[in-house]
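The structure appears right after this line, and notes come after that.
The values are calculated or read from the model by the stated rules, or taken from the named source; none is laboratory data. None of the values given here were measured: they were computed from a predicted structure. Every residue, glycine as well, gets a Cβ built from its backbone with ideal geometry; the counts of neighbours run over all protein chains shown.
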Amino acid sequence: MVSRLLSSSISLSMQQFAHRFTLRTNGQNLYEFTDTLERWVMETGIRRGLLTLFVRHTSASLLIQENADPDVRRDLLAFMRRFIPEGDPLYVHTLEGLDDMPAHVKSSLTATSLSIPVEDGRPVLGTWQGVYLFEHRRAPHTRQIAFHLIGQ
């Protein structure tokens, strides 16, 4: 009975949109792109659906985190630096510098993709939630984030 109810409430007029967003970083930090994401979702015209984000790199990650108090970002950076230090003799992979392997460890412990519901044409985020690229390398980089939205 439940499967009949679900199938009858799903419209077959689903649409899909894809976009690649480029973000330039200035080293280790959290870079918020919530406004860009919300604007893109509204431009698609999709009112209800599912948004998927994917960062196309192995030394950066994606986070949903508080965007009201900058101390949260500062504390996250400090924690990661302390928890996963650069120059640890444990690391063998250091071809691109002392921050290379720690960046890979940090991205493996965080997320490279996010799924966010969309309702009323907007990502469903809490009052103080923002969407961030978490850059784990010290040097500036150009990062690509793939956006994919499916819905109606």
Taking Arg39 as the residue in question, decide whether it is assigned to a loop (DSSP other than H, G, I, E, B), modelled with pLDDT of 95 or more and under 17 Å from Ile116 (Cβ atoms).
-> no
Do any strands (runs of 3 or more DSSP E) lying entirely in region 94-152 carry at least 2 residues that are crowded, with 21+ Cβ neighbours inside 10 Å, and which ones are they?
-> 129-135, 142-151
For region 110-143, how many residues are within 10 Å of the chain's Cα centre (by Cα) and among the charged types (D, E, K, R)?
-> 0
Lone unmet requirement of (1) at pLDDT 95 or above; (2) more than 17 Å from the chain's Cα centre (by Cα); (3) exposed (fewer than 11 other Cβ atoms within 10 Å of the Cβ); (4) of a type in the set (Ser, Thr, Tyr) for Ser3 = (1)
Leu90: touching a Leu at 6+ places or on another chain (Cβ under 6 Å) and among the hydrophobic types (A, V, I, L, M, F, W, C), yes or no?
-> no
Does region 74-88 include one or more residues that are at pLDDT below 95 and either more than 21 Å from His141 (Cβ to Cβ) or surrounded by fewer than 13 Cβ atoms within 10 Å (Cβ to Cβ) (or both)?
-> yes
Residue hits (region 90-148; modelled with pLDDT of 95 or more and of a type in the set (S, T, N, Q)) are Ser107, Ser108, Thr110, Thr112, Ser113, Ser115, Thr127, Gln129, Thr142, Gln144
Hits in region 52-107 - residues which are β-branched (Val, Ile, Thr) and more than 18 Å from the chain's Cα centre (by Cα) | Ile84, Val92, Thr94
